[in-house]
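Only one structure is covered here, and it is reproduced in the block below.
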Amino acid sequence: MPLIQIHDLTRRYVMGTETVHALRGVTLTIERGEYIAIMGPSGSGKSTLMNLLGCLDSPTSGYYELNGVNVAHMDDNDLAEVRNREIGFVFQSFNLLARSDSLHNVELPLIYAGLPSAERREQAVRALTNVGLGDRMHHRPNELSGGQRQRVAVARALVNDPSIVLADEPTGNLDSRTGEEILGLFEALSRKGNTIIVVTHEEEVAQHARRIIRIRDGLIAADEVNPNPRAAMKFAAGGTSMVAA
Amino acid sequence: MKRLNLFSELREAFAMAINAIAAHKLRSSLTLLGILIGVFSIIVVMTAIRALQGNIESNMQQLGSDTFQMQRFPAIRVDDDSESMDKYFRRKRFYYPDAASIRERATLAKSVGVSADADVGAVASRFRKTNPSISFRGMSPEAFETQNYSVAEGRPFVESDMSGSRNVAVLGADVAKKLFPFGSPLGEWVQFKGVKYNVVGVLEPKGSMFGRSQDEFMVVPITTVLNRYGRETSLRIQVQAHSQSVYPDTLEQVRGILRALRKVPPGEEDDFEIVSNDSLIKQFRTITLAVRAGAGVIASIALVAAGIGIMNIMLVSVTERTKEIGIRRAIGAKKRNIMTQFILEAVVLSEIGGIIGIVLGIVAGNLAAAALNTPPVFPWDWALIGLAVCSVVGIAFGTYPAWKAANLDPIESLRYE
Ligand SMILES: Nc1ncnc2c1ncn2[C@@H]1O[C@H](COP(=O)(O)OP(=O)(O)O)[C@@H](O)[C@H]1O
Ligand SMILES: [Mg+2]
């Protein structure tokens, strides 16, 4: 059974008299463990697709099966639960709680999962250690660099052991070197078997993935395997080496 | 598979509430102030009344058990206009023979006492002199029982004191202590307005009410008073029933006798007042009820105003934290979780104001009561009611902002900067 099966998925936005066809019929199958880049120019529908994949939004029509469950017509409550259990989000602007330290930020999904606090803490510490931030647990976002913030976000995305990590322009707010660090992190996660979907408009970022889906005007324009994915540059002080096996 | 962990969720919501309140100290304290004033006003009044009540009610046991008293003027007047005062002044006085008539005809009465507050002045012994504020009273022997006076030393009056209109006196505890600091006053002389009286008894102290001693008086036989001050002296007549069970019948019998004596036509209201310990306490409670109701109204207005303030602040808070709401929704918070978080924040905000209001109210209420010499009280029930009211205010006025927060679109919220 594939992890994700999407059939003829559409999403329209109605704004007054005008209707925007953000997605016009997307059909897609994603297997467990894939590392995918979704590419396309601005306004092509990447974010719309990602919101649907991440169960933040419901399609206007079409079919979406995640992990064998049809989620296209789930209600708000069930979608929240699916997000909590199956999806780990990484955003361009990190989206950490500004007044909470790294540990609390990473614990947050587990709180909504209803885990007891001892277990929560243990898992959050492990997730932070795995991204190389074992010594930054009590720092708040404003006491961390951009790269470190994004690593906290990655730890938060992974702490629930989700089926998919969904990253929307994860390197968009980072300089190229720290961007490479995060991509290195994804690479290592992918090697460990995590399913990763990175949405980007940057060719260089997309080239790290093993499969590239190109979107144009709400339709899939190309969907091909990347014959030789770029390896992330390795840095002495961080990068791939931070991910424990 | 999914465990419901309400406690964790509440703790998270609570921590975030404290966090949010701490992040906006000025704004939060202004909001707290409204709640604080509302809770303070109710608690301070309740504490003061509670502190006074025990004191006053025990002091209102002026009469003996199963005893009532007839008098021209009501014991506690609420309306003080001259018209109603005229009505009382037009009433006939009570005369000494009235007591004898009642004693004769009231078959249910155990005893009938007569007393009068005849004069005020200084009392002197061969050692000392009091200040000129001592009440000079006349009493019949029965009145010692009907007025709850117990003799500590010596004896009360006897029939021969009455028939002979003798110059004997029983002293209130304070007067006895003041005039005879070294030994027993019994057998000594005291002097009041030029007349000497032989001390035959001293009373047990009664303590003080509203900070004033109730033991600054001397008593002489009622007949002596009538001789000296005239037959027109205003009297109080007290009747003691044989028991609680015949009390109502006794009261009705005496009322009938008095109406006949005073020639009140049938169907017209009594031209005298009947008071008892119970009626005094009841009247006191009626008066404090009005005060309490007033405090309740003020508190309600303050709390509604404060509630609207809380709602306002919470709406601002929701807008400011749109992004946070989006993040929480993205990582799995349900609408219900967001609701809980914001309602709890409103409740915490309201409770902080409430707790400060309760503490200040109890302190201020006790200070007011302490000025009148009463022991401090801690009105647990009102403190708990105060806390409950704060929760209700928090929930009532936090629900709409919380509902707004919960129903924000997660995608829009994530995009909010
Ligand atoms: N909430 C919305 N309401 C109306 N139109 C929207 C909304 N979200 C996206 N769109 C429109 O849908 C199209 C696709 O947007 P989006 O998925 O954000 O593209 P991308 O992420 O590739 O830049 C754009 O034309 C955009 O204007
Ligand atoms: Mg986009």
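Could you list log10 I(q)/I(0) for chain B at q = 0.06, 0.08, 0.10, 0.12 Å⁻¹, which the Debye formula gives when each Cα is one point scatterer? The calculated log intensity ratios at q = 0.06, 0.08, 0.10, 0.12 Å⁻¹ are -0.45, -0.64, -0.79, -0.97. Packing-based ranking of B:177-187, B:217-227, A:169-179 yields B:217-227, A:169-179, B:177-187, ordered from highest to lowest mean Cβ neighbour count within 10 Å. You can think of it this way: the chain between B:ASP381 and B:LEU367 has 3.1 nm of extra reach, that is 0.36 nm per residue less the Cα-Cα gap.
The share of Cα pairs per 10 Å bin across the protein assembly as shown, counted from zero up to the longest distance, runs 3, 12, 16, 13, 9, 7, 7, 7, 8, 8, 6, 3, 0, 0 percent.
Give the shape of segment B:333-417 as rounded, prolate or oblate, defined through the alpha-carbon gyration tensor: a ≥ b ≥ c are the square roots of its eigenvalues, a/c under 1.5 means rounded, and otherwise the shape is prolate if a/b is larger than b/c and oblate if not. Prolate shape, in that a/c is at least 1.5 and a/b is the bigger ratio. Here are some pairs, B:LYS87/B:LYS193; A:LYS46/B:LYS323; B:LYS129/B:LYS206; B:LYS87/B:LYS110; B:LYS25/B:LYS323; B:LYS323/B:LYS404; which of them have Cα atoms lying more than 24 Å apart in this structure? Pairs exceeding 24 Å: B:LYS87/B:LYS193; B:LYS87/B:LYS110.
Over segment A:142-182, average the accessible area per residue using a 1.4 Å probe and give it in Å², no decimals.
For segment A:142-182, the per-residue accessible area is 32 Å².
Over all other residues within a Cβ to Cβ distance under 14 Å of B:GLY183, the charged ones net out to +2, with Lys and Arg as +1 and Asp and Glu as -1. With R₀ set to 56 Å, the beta-carbon distance separating B:ARG11 from B:SER65 gives a calculated FRET efficiency near 0.45. First check a/c for segment A:120-184, with a ≥ b ≥ c the square roots of the eigenvalues of its C-alpha gyration tensor; if it is under 1.5, answer rounded, and if not, answer prolate when a/b is larger than b/c or oblate otherwise. Here segment A:120-184 falls in the oblate category.
For the pair B:ASP249 and B:LEU30, label points projected 7 Å from Cα toward Cβ lie 7.2 nm apart.
Using only protein heavy atoms and a 1.4 Å probe, how much accessible area in total is buried between B and A, to the nearest 100 Å²?
That pair hides around 2700 Å² of surface in total.
A simple charge model with +1 on the Cβ of Lys and Arg, -1 on the Cβ of Asp and Glu and nothing else charged puts the dipole of chain B at about 660 debye relative to its Cα centre.
For the pair B:ALA152 and A:MET15, label points projected 7 Å from Cα toward Cβ lie 9.3 nm apart.
If you look at the Cα atoms of chain A, you get an Rg and a Dmax of 17.6, 56 Å.
About its Cα centre, how strong a charge dipole does the protein assembly as shown have in debye, to the nearest 20, once Lys and Arg get +1 and Asp and Glu get -1 at the Cβ? Intermediate values should be presented prior to the final figure.
Details: 72 positive and 70 negative charges, 319 e Å.
The dipole magnitude comes to about 1540 debye.
Once the partner protein chains are put back, segment A:97-141 shows a loss of at least 40 square angstrom of accessible area, versus the chain by itself, at A:LEU97, A:ARG99, A:ILE111, A:TYR112, A:GLY114 (probe 1.4 Å, ligands and nucleic acids excluded). The relative contact order of segment A:125-245 comes to 26 percent, based on Cα pairs under 8 Å that sit 6 or more residues apart. Averaged over the residues of B:334-343, the number of partner chain Cβ atoms lying within 10 Å of the residue Cβ comes to 2. The radius of gyration of the Cα set in segment A:1-142, together with its Dmax, comes out at 17.7, 54 angstrom.
What part of the accessible area of the protein assembly as shown, given as a whole %, is carbon or sulfur when the probe is 1.4 angstrom? Carbon with sulfur: 57 percent of the solvent-accessible area.
Taking one quarter of the surface of the convex hull spanned by the alpha-carbon atoms of segment B:92-271 gives a direction-averaged projected area of 11.4 nm². Helices of chain B meeting both criteria, an alpha-carbon length of 30 angstrom or more along the long axis and an average Kyte-Doolittle score not below -1.0, with helices taken as full DSSP H segments, are B:25-59, B:277-320, B:335-370, B:380-406. The protection proxy used here, the mean number of other Cβ atoms lying within 10 Å of each residue, ranks peptides B:273-282, A:66-75 as follows, highest first: B:273-282, A:66-75. In chain A, Cα pairs under 8 Å separated by at least six residues give a relative contact order of 26 percent. Based on Cα contacts under 8 Å between residues 6+ apart, segment A:1-146 shows a relative contact order of 20 percent.
For the peptide B:404-411, the mean number of other protein chain Cβ atoms found within 10 angstrom of a residue's Cβ is 2. Enclosing the Cα atoms of segment A:102-245 in their convex hull gives a volume equal to 125 cubic angstrom per residue.
The values are calculated or read from the model by the stated rules, or taken from the named source; none is laboratory data. Every value quoted in this text rests on a predicted model; they were computed, and no experiment measured them. Note that each Cβ is placed from the backbone with ideal geometry, even for glycine, and that neighbours are counted across all protein chains shown. Heavy atoms of the whole protein, side chains included, go into the accessibility calculation; ligands, DNA and RNA do not. Shrake-Rupley method; radii C 1.70, N 1.55, O 1.52, S 1.80 Å.
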